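Take a look at the structure set out below.
Read-outs: derived from the displayed coordinates by stated rules, not from any lab. Keep in mind the model is a prediction, meaning the values are calculated, not measured. FYI the Cβ positions are ideal-geometry reconstructions off the backbone, even for glycines, and counts take in every protein chain you see.
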Amino acid sequence: MRRIPFLFLLAAVFSGCAANDLIVQRQSSMELRLEQLMQAQKASRNEVAAASVQMQEVKELSARQAAYEKDMLFKYEALLERVKITSIRLTQLEAAARQSSKIELVNQESLPEGREESIQAEYMKAFGLFSSNNFSGAAESFNAFVSAYPESEYAPNARYWLGECYFALGRFNEAIGAFERVLEMKPLPKRASDAMLRIGSAWYRLDNQSKGSQTLKLLIEKYPDSEAAAAAAGLLENK
């Protein structure tokens with residue numbers, strides 16, 4: 001009879017041990033699960049941080065790409081301008097080489113031969129400075145020329161080249177003013193379309209996209225068959 005209580009006691013002890021083992025197992029399982037959740041949370045945070053870094057890199061890359069494209073656009077625009085200026089210079093120099101020492105003035109009263117030669121010489125002196133890339137000296141000479149001979153047949157060209165001097169010097173506001181004075185002349189000079197092209201380009205250089213595009217579109221509308229209009233269309237396509 002004594003063995004029965006002992007057996008019950010022994011069974012209770014084993015039952016308690018089994019319950020304790022189950023509790024320990026469950027606790028270990030919960031700790032493992034908690035550790036897994038913490039690791040997953042840490043991994044998620046790392047992924048978010050990596051994604052944030054990648055996003056910042058993408059933004060910086062986009063900014064660099066935009067800056068590169070803008071720089072390439074300016075280089076393309078400058079190349080077009082240099083090609084056009086070179087073409088105009090060659091035309092001007094060829095024409096000057098073919099001219100005789102005496103040039104007949106159109107729609108003006110005849111001037112004494114010496115005075116005609118003096119006007120021509122002053123103009124060619126200024127143009128020579130421009131051709132040798134002495135834009136500062138050329139600007140002074142062209143400015144003096146248009147002040148001294150505002151009605152000369154060379155005045156339209158002198159005003160135009162004055163604008164080109166300012167443009168080459170990076171004085172874009174002054175360049176716009178000079179080219180606008182070309183457009184104000186009567187009758188309208190042959191280089192009116194070229195002057196409008198340079199005005200539009202100058203506005204772009206001043207980062208005024210609206211006025212630049214507006215000027216180029218007006219140029220295409222007024223002079224659709226001109227070389228300047230073709231150049232303007234190329235610039236607009238790249239804006």
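Estimate the FRET efficiency between Ala144 and Met124 by the formula 1/(1 + (r/R0)^6), using the beta-carbon distance for r and 22 Å for R0, to the nearest 0.05.
On the way: r = 14 Å, r/R0 = 0.63.
Once rounded, the FRET efficiency stands at 0.95.
When the chain is fully extended, how far beyond the present Cα-Cα distance does Ala40 get from Met185, taking 0.36 nm per residue of separation?
44.5 nm
Taking a 24 Å limit on the Cα-Cα distance, which of the listed pairs Lys125/Lys211; Lys190/Lys217; Lys125/Lys217 fall beyond it?
Pairs exceeding 24 Å: Lys125/Lys211; Lys125/Lys217.
What is the distance, in nm, between label points placed 7 Å from the Cα along the Cα-to-Cβ direction at Glu237 and at Ala49?
4.9 nm
Within 10 Å, count the other beta carbons around each residue, average over each peptide in 200-207, 216-223, and list them highest first.
Those peptides, ordered most packed to least, come out 200-207, 216-223.
HN-Hα J couplings of the stretch 200-208 from phi, Karplus 6.51/-1.76/1.60, θ = phi - 60°, integer Hz, Gly and Pro as x?
x, 5, 5, 4, 4, 5, 8, 6, 9
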